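One structure is given here, and the rest of the page talks about it.
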Amino acid sequence: MSDWSKATRPIPVPNEWTKPFWDAANRGVLELQRCQSCGHFQHPPYATCTQCVATDLKFEAVRGAGTIYAYTIMYHTGDKRFASVVPYASIIVELDAAPGALMAGNLLEAEYTEAKVGRRVEVVFEKLNDNITLPQFRLARTNSTE
Ligand SMILES: [Zn+2]
């Protein structure tokens, strides 16, 4: 199993669109951008709704439960910052509460072979420094789909 404490993660740099997402993650809350006109959730954040082009967008808290939508296994060590954790799973997750808004992350606390399309996952928050906490995923421990 990959020991992520040995990887040197690049630190995300929030911008005007993504800052609310990162601020919420620092509080241990998952907030995604939602169109107030048609109700569509989207991620990453944009200036307009990708469904109806409305500009009335707000961030709303969502439960961090979902399913693996797609994944890839990283075997290459071209990026030396991640060499110590190869092989590892990079996954795309669709949250139950925000269909269509796809989040990227790593599958933590599991062997990379556990990454399968359709498997249930839940968010975990990985603190990178005092300013940035990275929402990540692990296999679901609760079976709730509410
Ligand atoms: Zn919309």
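The values are calculated or read from the model by the stated rules, or taken from the named source; none is laboratory data. Remember, predicted model here, so these are calculated numbers, not experimental data. Positions of Cβ are backbone-derived with ideal geometry, glycine not excepted, and every protein chain shown enters the neighbour counts.
Table for the structure above
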| item | result |
| --- | --- |
| Residue list for region 68-88, restricted to those being surrounded by fewer than 14 Cβ atoms within 10 Å (Cβ to Cβ), under 14 Å from Arg9 (Cα atoms) and of a type in the set (Phe, Trp, Tyr) | none |
| Boolean, Leu108 is modelled with pLDDT of 95 or more, of a type in the set (A, V, I, L, M, F, W, C), under 11 Å from the mean Cα position of the chain (by Cα) and closer than 19 Å to Ala7 by Cβ | no |
| Those residues of region 51-92 which are over 23 Å from Val117 (Cβ atoms) and hydroxyl-bearing (Ser, Thr, Tyr), in sequence order | Thr55, Thr77, Ser84 |
| Search result, residues across region 30-66 that are crowded, with 19+ Cβ neighbours inside 10 Å, within 13 Å of the ligand (Cβ to nearest atom) and among the small types (Gly, Ala, Ser) | none |
| Val93 vs. criteria on the phi < 0 side of the Ramachandran plot and touching a Pro at 6+ places or on another chain (Cβ under 6 Å) | no |
| Hits in region 89-130 (condition: buried (at least 21 other Cβ atoms within 10 Å of the Cβ), within 22 Å of Arg27 (Cβ to Cβ) and touching a Ser or Thr at 6+ places or on another chain (Cβ under 8 Å)) | Val93, Asn106, Val121 |
| Odd one out for Tyr71, checked against (1) of a type outside the set (A, V, I, L, M); (2) within 16 Å of the ligand (Cβ to nearest atom); (3) touching a Leu at 6+ places or on another chain (Cβ under 9 Å) | (2) |
| Residue under evaluation Ile132, criteria (1) within 20 Å of Pro12 (Cα to Cα); (2) at pLDDT below 95, criterion not met | (2) |
| Meets criteria (in contact (Cβ under 8 Å) with a residue 24 or more places away in the chain, surrounded by 13 or more Cβ atoms within 10 Å (Cβ to Cβ) and either β-branched (Val, Ile, Thr) or in a loop (DSSP other than H, G, I, E, B) (or both)) for Arg138 | no |
| Test: Leu107 is away from the ligand (no atom under 16 Å from the Cβ) and free of Cβ contacts under 8 Å to residues at least 40 places away in the same chain | yes |
| Output for region 22-50, where each listed residue is touching a residue at least 24 places away in the same chain (Cβ under 8 Å) and of a type in the set (S, T, N, Q) | Asn26, Gln33, Gln42 |
